[in-house]
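The values are calculated or read from the model by the stated rules, or taken from the named source; none is laboratory data. Computed from a predicted model, the values in this text were never measured in an experiment. FYI the Cβ positions are ideal-geometry reconstructions off the backbone, even for glycines, and counts take in every protein chain you see.
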Amino acid sequence: MKSLLTTLTILLFFSNYAISQEKKDLVKPNIVIFYVDDLGWQDSQLNDLDEPTPWETPNMLALAKEGINFTNAYSPAPTCAPSRAATLSGLHPTKTGVTHVSGGTLPKASKRSNYLTPFYPIGLMPENFTIAEALKMNGYKTGHVGKWHVGGLDIQKSTNQGFDFAYESRGAHQGPKGEKNRLNNFATHDKGDAYRLSDEKYPPFTKDSPNGISYPKDMVTEKALEFIKTSKEEPFFLYLAHWLVHSPIHTKNKELLQYYSDKLGIDFPTKNIPITTEGQTNPFYGSMVTTLDWSLGRVVDLLKTTDDPRNPGKKLIETTYIIFSSDNGGAEKANGDIVTDNYPLDEGKKHAQEGGIRVPMVISGPNIPKGKTYDGLVNQLDFYPTILSLTHSEISKKYTSELDGLDISGVLLNNENVIHNADGSPREDLWWHFPHNDDASMQSAIRKGDYKLYKNLIPGTYELYRLYKDGKREDLEEKFDIAAQNPKVVKDLSTRLEKYLKDYNAQMPYKNPSKFKSEGAKSNVASIPVIVSDSFDADSRKVSITLEKGKTNVIEAYALIRIANKAKAKKKGKKAKYGKHDTTFIKVPLDASKNNLEYTFVVPEGVIEYGVILIDENRFMVKGEFHKIN
């Protein structure tokens, strides 16, 4: 008996040793983030509810069979730029300040609202420490392919944010130009065609093409494959941020468009007019989704067939973590087209409702269980700390202490069911803030367990919905506001949300003085702060602002300064001009006098324009005159 026990102990020791050695051998596994643009939670076969989607995504399903499908996964924001900035930096959108797309401009009045959205930057700045910089510091070769969209200045470029390699053209998703449209711009087999159809055949399989169909050459996919091939001698990090399935809604694959027209039971489109049928009935969009899936399949196939030179006897797929997700929910309409339908989720892109922030997410890789589903709350903010953990990468506490996501490697590697905060307590909630667009979409939200609460930022009211009950679907459609019947739940969630908003200094919408014309509002508008002097000393570059006495108190004041890349040289005699993405405004603080009537700041060298923004006690925004500096 003693001999048997000894034998079993030895076997157990070596078994555990082998497992620990396997994990130890992967000190620097490869990382691929396959980040999709606008793919809704119901746009793939991963999370089909109710009526199945007609769009075929076999490679997404295959990836889920090799890893974990996260059914309660969320993007950090309901639009592109804030989600990308948050995912790359690990910081909540309220912390980066990037809460919507197309930032870095002066706050503008909306025709649909009496309020002005707060100023927000266009993207990440040098002080943001990206996951690419973190991995590069730890010996990784880093590559970005596809959409950047987190800043256009030279200092904001991907190659200045930690990436060794970058390719950012649209590939086959480049929209038609000039006389071309989505019905006369299909790829061909001609050798001179930049989007030449492949000789290789891929799904779907049809009666006319039982061996599969060809796909247009897509340089986004090709450059991603090239990066993997040329970087495999070192641990690599590939951030493949597809332009698909964002508008324009089109395809260069005529055979795939025909396939979806046949599947939907509609005629092949012959007129270049919007598709306006309800639901998931747009064959152009279906073709885009399946093309995206094809691209994912190409990447996975390369990893499966390529030897890992750093781990003899293994393929790259065995030493690579793949993280698949989308930057926000599906865009249900675009340029006249009905693109998709996020039902049963409410709303879509640009909204804090489930349809705008709930996204597909799959993670596969070494030691991750196959074919598992995880229903806990997960956010793309979790990618950064999780990748640090999976790769055993170390960075300064200055940066790790600021990260807003959580390390979910315990779920990935140890079959844990609970995601833990840094203090060991279980994660209980996720929250969002979107002070943009029309009044109804200006909302903050928090999800805790079965419940989701919204704060309507303009009236300051709350709505409460119960998405699930005892693990089963209850009101996923968010049809029934049950706030009045559940005051305790509202108090709990609203207290949490308000604390987040305060702690993160979340910026709120401001009143537009030109829109408030009722009798009750006129007196407040008449008493808003007035700038009586605004001077600039060219020698010291000091700006001095003086306000009129007797007006409402200023509760917030800052300057917006416009910085730029070097202007592009023109022909002799013509002034150099800035390109579309060569300038942006950034926010800088003002020095205030004790009576808050005088403000000063020094304009840094290189600034080409400046102005002052004031917020009064009634939350009216006052914009001073903006001055250009030669």
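Taking the listed residues K304, K271, K333, K350, the one that is free of Cβ contacts under 8 Å to residues at least 40 places away in the same chain and either out of contact with any helix residue (DSSP H, G or I) (no Cβ under 9 Å at 6 or more places or on another chain) or at positive phi (or both) is K333, with no other qualifying.
So that you can scan it fast, the table gives a plain yes or no per residue for (1) among the aromatic types (F, W, Y); (2) loosely packed, with under 15 Cβ neighbours inside 10 Å; (3) without any contact (Cβ under 8 Å) to a residue 40 or more places away in the chain:
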site	(1), (2), (3)
P426	no, yes, yes
S444	no, no, no
R447	no, no, no
K452	no, no, no
E463	no, no, yes
A484	no, yes, yes
D503	no, yes, yes
M508	no, no, no
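Whenever a residue of the stretch 561-576 is farther than 28 Å from M125 by Cα and not assigned by TED's automatic domain parsing to the domain that holds G152, it has no partner that is buried (at least 16 other Cβ atoms within 10 Å of the Cβ) and at pLDDT below 65 lying with C-beta atoms less than 8 angstrom away and at least six residues away or across chains. Taking the stretch 385-422 only, how many residues are over 24 Å from the mean Cα position of the chain (by Cα) and hydroxyl-bearing (S, T, Y)? Of the residues in the stretch 385-422, 1 are over 24 Å from the mean Cα position of the chain (by Cα) and hydroxyl-bearing (S, T, Y). Would you confirm, using the coordinates I've provided, whether I528 is of a type in the set (V, I, T) and part of a strand (DSSP E or B)? Considered against the rule, which asks whether it is of a type in the set (V, I, T) and part of a strand (DSSP E or B), I528 comes out as no. Of all the listed residues (L413, L377, L403), the sole one being in the same structural domain as F284 (by TED's automatic domain parsing), within 30 Å of Y140 (Cβ to Cβ), of a type outside the set (S, T, Y) and crowded, with 21+ Cβ neighbours inside 10 Å is L403.
All of P54, P29 fail the test of being more than 25 Å from I228 (Cα to Cα) and modelled with pLDDT of 95 or more, apart from P54.
Please work out if D534 is in a strand (DSSP E or B) and acidic (D, E).
yes
So that you can scan it fast, the table gives a plain yes or no per residue for (1) out of contact with any Pro (no Cβ under 8 Å at 6 or more places or on another chain); (2) closer than 22 Å to S83 by Cβ; (3) among the charged types (D, E, K, R):
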{"residue": "P274", "(1), (2), (3)": "yes, no, no"}
{"residue": "P283", "(1), (2), (3)": "no, no, no"}
{"residue": "T305", "(1), (2), (3)": "yes, no, no"}
{"residue": "A331", "(1), (2), (3)": "yes, yes, no"}
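Across the stretch 160-196, the qualifying residues are those that are in contact (Cβ under 8 Å) with a residue 40 or more places away in the chain and not in a loop (DSSP other than H, G, I, E, B), and the one among them that is surrounded by the most Cβ atoms within 10 Å (Cβ to Cβ) is H173. What are the residues in the stretch 124-158 that are assigned to a loop (DSSP other than H, G, I, E, B), touching a Gly at 6+ places or on another chain (Cβ under 6 Å) and touching a residue at least 60 places away in the same chain (Cβ under 8 Å), if any? Selection gives V150, G151.
The set of residues from the stretch 510-524 being part of a loop (DSSP other than H, G, I, E, B) and surrounded by fewer than 18 Cβ atoms within 10 Å (Cβ to Cβ) comprises S514, K515, F516, K517, S518.
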